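The values are calculated or read from the model by the stated rules, or taken from the named source; none is laboratory data. Everything numeric here is computed off the predicted structure, so don't read it as measured data. Here the Cβ positions follow ideal geometry from the backbone for every residue, glycine too, while neighbour counts run over all protein chains shown. The accessibility values were calculated without ligands, DNA or RNA, using every heavy atom of the protein model including side chains. Shrake-Rupley method; radii C 1.70, N 1.55, O 1.52, S 1.80 Å.
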Amino acid sequence: GNLMKKWKKKKSELVLDTKFFKVRKDIVELPTKEVKEWIYWDSLDSAMVLGATRDKKLVMIEQFRYLVGAKVIEFPSGGIHKGEGIKAGAKREFEEESGFKCKSLQKLGSFYETYGCLNRQIHIFFAKDVSKSKQKLDRGERGFEDIKVRLVDFRKALELALANKIVAMGSSLAILLLKEKVERGEIR
């Protein structure tokens, strides 16, 4: 009877509204007619780009991540602005963080990171033949970006992911998706 039916949103309220972070509390009716509170981080989507240079190196970035308390290596990614297209946002974020421009984008997939408490989807792209441009790091009101660019061989990036040296779930998933598409001949 009542299994796997959609929940009904009865009410939604913004409980935290900062420049970077919005938290909502919804009142939902379950298929059992029971009414519950559901609290979550309400966010616009984000995009990640795996960019390959002409000599087949992948553009990765290294930075200190406060919540992890460590330096991490990952693929450039960031939030898509309101009213901005997903591909436009992906290209903008990639260039800002890495200092490389990409022309074409090939979609690897779209995923939710943790959909129990965050409604953001991350859109992952591959860009071949990226070209050098200039980093535009955020040192102002949006935060403090201190990013080192690392050009990493495809095999090395794969090894890092499989050895759990890439701790950002999206970045690990992205390199494994790229490996699969390369092996299937969908990406050269």
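Some observations on this one:
- At most 16 other Cβ within 10 Å, DSSP loop - trypsin sites (Lys or Arg not before Pro), segment 71-115: Lys82, Lys103
- You can think of it this way: the chain between Cys117 and Lys19 has 33.4 nm of extra reach, that is 0.36 nm per residue less the Cα-Cα gap.
- Relative contact order %, segment 1-100, counting alpha carbon pairs below 8 Å whose residues are six or more apart: 19 percent
- Compared with the dominant principal axis of the Cα atoms in the chain, helix 86-98 is inclined by about 50°.
- Looking at segment 65-110, the accessible area is 52 square angstrom per residue; that uses a 1.4 Å probe and ignores ligands, DNA and RNA.
- Options Ser171, Trp38, Ile187, ranked by Cα towards positive dipole end of the chain, top entry (Cβ charges): Ile187
- Average accessible surface area per residue within segment 144-188, 1.4 Å rolling probe, Å²: 63 Å²
- Each distinct pair of alpha carbons in segment 7-49 adds a 1/r term; the inverse of their mean, the Kirkwood radius, is 11.7 Å.
- Restraint check, Lys22/Lys56; Lys25/Lys148; Lys71/Lys107; Lys71/Lys91; Lys8/Lys128, Cα-Cα greater than 32 Å: Lys22/Lys56; Lys25/Lys148; Lys8/Lys128
- Considered as an equivalent ellipsoid built on the Cα gyration tensor, segment 1-156 has semi-axes of 35, 18, 14 Å, the largest given first.
- Helical content of the chain, expressed as a calculated mean residue ellipticity at 222 nm, amounts to -6000 deg cm²/dmol (DSSP H runs of 4 or more residues, -39,500 (n - 2.57) each, divided by residue number, nearest 500).
- Carbon plus sulfur fraction of accessible area for the chain, probe 1.4 Å, in percent: 55 percent
- Taking N as its residue count, the alpha carbon Rg of segment 85-188 over 2.2 N^0.38 Å: 1.14
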